[in-house]
Structure formats: structure tokens, C-alpha cells
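The values are calculated or read from the model by the stated rules, or taken from the named source; none is laboratory data. Computed from a predicted structure; not experimentally measured. Every residue, glycine as well, gets a Cβ built from its backbone with ideal geometry; the counts of neighbours run over all protein chains shown. We work out accessible area using only protein heavy atoms, side chains counted, and drop any ligands, DNA or RNA first. Shrake-Rupley method; radii C 1.70, N 1.55, O 1.52, S 1.80 Å.
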Amino acid sequence: LDEAEALFRENSIYFESDLMWMGPVAFRYYLPAVVQFVRSDAAQDQTDFVAHFAGTLAFRLEHELQELQPVAGELAALCSYIVEYWSRFELGEEFYGDVRARYQTLQKTFSRLQ
């Protein structure tokens, strides 16, 4: 997982796209690396990653709801962190719209899944 986090640090948006298309078991496996990355200093101003990850979560909720239940608590906590520390990620909002509001909605959804 440390190696996976290093890959996010190296090229976050490239490896974020892998999170969209990997299977649900792999997604759950790599989630701790995502959490570690998002909470790190390397994620500062990573608006592209954060915006795209919101889309990945929404897509997975729509298509793999039951597969996300085992990690719903972790995902709720991650969404809550992103909302709470939004100032770290808010650059580029003019391109992506209100991503913070999307994370607030995602946090509520994942909280209900626990």
C-alpha cells in the first residue's frame, strides 16, 4: 500500500483513473492508500484528483452499492475529511463546480450504508 500511495504522489490523476475501472475487491484493497494520500501534504491542491475521485465514488455507488458496504465507514470518514479540509483542495472549482457539496452528499450516503 505504501508503494500504491507513492504512485498517487507521483501522478495522482493518472492513477485515480485506475480506481474507476478496477474491480471492487481491488478498489477496497487500495482504499487505504487513497486515504493516506489524501491526508498527506502531497495532496495539497490536488483538485483534479479530488474532483475525479468524487465521480469515481458516485459511479461505484450507482453500480456497486453492495460492494462498497464493507468500506462505507472508511469512505464516509474520507469524505468528511475532504469536506472539513476543503481549503486544501479548492483550486480549480471553476472547472468542476461545487465538488465540496458532492462530498457532503457522498458522506451522508456512506454514513447510511454503515
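So here's what we get for this one:
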read-out: Residue-normalised accessible area of the chain, expressed per residue, 1.4 Å probe, Å²; value: 54
read-out: In Å², nearest 10: area of T105 left accessible to a 1.4 Å probe; value: 80
read-out: Which of H63, H52 is most accessible, then next, and so on - probe 1.4 Å; value: H63, H52
read-out: In nm, spacing of pseudo-spin labels at R39 and L1 (7 Å Cα→C-beta vector); value: 0.9
read-out: Of all accessible heavy-atom area on the chain, the percent that carbon and sulfur account for (1.4 Å); value: 49
read-out: Inter-site label distance for E84 and Y14 at 7 Å from Cα along Cβ, in nm; value: 3.3
